[in-house]
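A.B. asks: Encoded as structure tokens, here's the structure I'll be asking about.
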Amino acid sequence: MLSAALAFLILLFGGVALQAAPPENESDTTALIHWLLADNRDLKGIPFSEVLAATTGKKIYPIDSSRDAAWLAQLAKVLDKTLETLNKPEHKIHTTSRVNEASRFIEDELMAQCRLVPAWSCGVPPTSDGAEQRSGYPDLRLVLEDGSVVYLDPKLHAEGSQTSTFRTFYYEPKSSTGKIHDDARHLLVGIEHSGQEGKSLRLLAWELVDVSKLKVQLKAEFQASNKAMYSPENIVSRSSTR
């Protein structure tokens, strides 16, 4: 079922039609929904590298422990320094009221520390339109001394939550706001925190995850915004007072 799942991804995100023609008088939308809801449809365990290949045309290079040893060792030093700096009581990360708000400080500090390494450059990857967008995968684009690219995506998780099945990795491919424009290595930077907030927040440890080995699933979800729901043509009655 994997090839069919990837064909669906191409149809959904790249505008490429599936090989099978829809039944007569059936719209493309109806055919797509029927395909998605089929009882035997398997959209789990899809290699993320194949998702990127189907939606961006770009490759994820696996990490090679011997070939990549030198820059990985340097990145380890960068991450140690990043956590050390962020844990200082005077750092602005400790003014946040929620742990989720700490992510921006982590991205900024990691970017700053990477830029201190001679011949390295690091920044927010531009979208296809050339804009700088902080949201969406990946968060940072690191260029090493040899010109090769490594995409970095810091992720916070509470101490002891590594075995949780709660979804924490999201990728929404869009042609105009896509941020992946290179064949590159991809690393998730998992950062374990104490579970506390504000001045009590402590960043405990980091781990690097090779995204080339990550498998993902697609959740079918039909959604609408308030603007769509409460448009004038949809409202049939309302209260006489506000």
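A.B. asks: Restricting segment 94-132 to residues that are among the acidic types (Asp, Glu) and surrounded by 12 or more Cβ atoms within 10 Å (Cβ to Cβ), which is farthest from the chain's Cα centre (by Cα)?
C.D. replies: Step one: of segment 94-132, the residues among the acidic types (Asp, Glu) are 101, 107-109, 129, 132.
With surrounded by 12 or more Cβ atoms within 10 Å (Cβ to Cβ) added as a condition, the list becomes 101, 107-109.
Values: GLU101: 17, GLU107: 13, ASP108: 17, GLU109: 19 Å.
That would be GLU109.
A.B. asks: Considering only residues that are assigned to a loop (DSSP other than H, G, I, E, B) and of a type in the set (A, V, I, L, M), look in segment 43-83 and name the one that is nearest to CYS122 (Cα to Cα). Before you say what the answer is, go through the steps one by one.
C.D. replies: Quick first cut of segment 43-83, residues assigned to a loop (DSSP other than H, G, I, E, B) only: 43-45, 57-59, 61-68.
Within this subset, residues satisfying the condition of being of a type in the set (A, V, I, L, M) are 43, 63.
Values: LEU43: 34, ILE63: 19 Å.
Out of the qualifying residues, it is ILE63.
A.B. asks: Let me ask something additional. Condition (residue is in the same structural domain as GLY195 (by TED's automatic domain parsing), at pLDDT 95 or above, among the aromatic types (Phe, Trp, Tyr) and surrounded by 12 or more Cβ atoms within 10 Å (Cβ to Cβ)) applied to segment 135-152: is it met by at least one residue?
C.D. replies: Yes, the conditions are met somewhere in segment 135-152.
A.B. asks: Just checking, how many residues over segment 70-93 are modelled with pLDDT under 95 and either more than 24 Å from the chain's Cα centre (by Cα) or surrounded by fewer than 16 Cβ atoms within 10 Å (Cβ to Cβ) (or both)?
C.D. replies: 6
A.B. asks: Now for a separate question. So for segment 165-178 (the condition being basic (Lys, Arg), surrounded by fewer than 18 Cβ atoms within 10 Å (Cβ to Cβ) and at pLDDT 85 or above), does at least one residue qualify? If you could, list the steps in order and put the result at the bottom.
C.D. replies: Of segment 165-178, the ones basic (Lys, Arg) are 167, 174.
If we keep only those that are surrounded by fewer than 18 Cβ atoms within 10 Å (Cβ to Cβ) as well, we get 167, 174.
With at pLDDT 85 or above added as a condition, the list becomes none.
The answer is no; no qualifying residue exists.
A.B. asks: Starting from segment 89-115, keep only residues that are in contact (Cβ under 8 Å) with a residue 60 or more places away in the chain, then list their pairs with residues that are of a type in the set (Ser, Thr, Tyr) whose Cβ atoms are within a distance under 7 Å, requiring at least 6 positions of separation or different chains.
C.D. replies: Pairs that qualify, where the first residue is in contact (Cβ under 8 Å) with a residue 60 or more places away in the chain and the partner is of a type in the set (Ser, Thr, Tyr), are ALA102/THR96; LEU110/THR82.
The values are calculated or read from the model by the stated rules, or taken from the named source; none is laboratory data. A quick note: this is a predicted structure, and the numbers were derived from the prediction, not measured. Because the Cβ atoms are built from the backbone with ideal geometry, glycine has one as well, and the counts that use them run over all protein chains shown.
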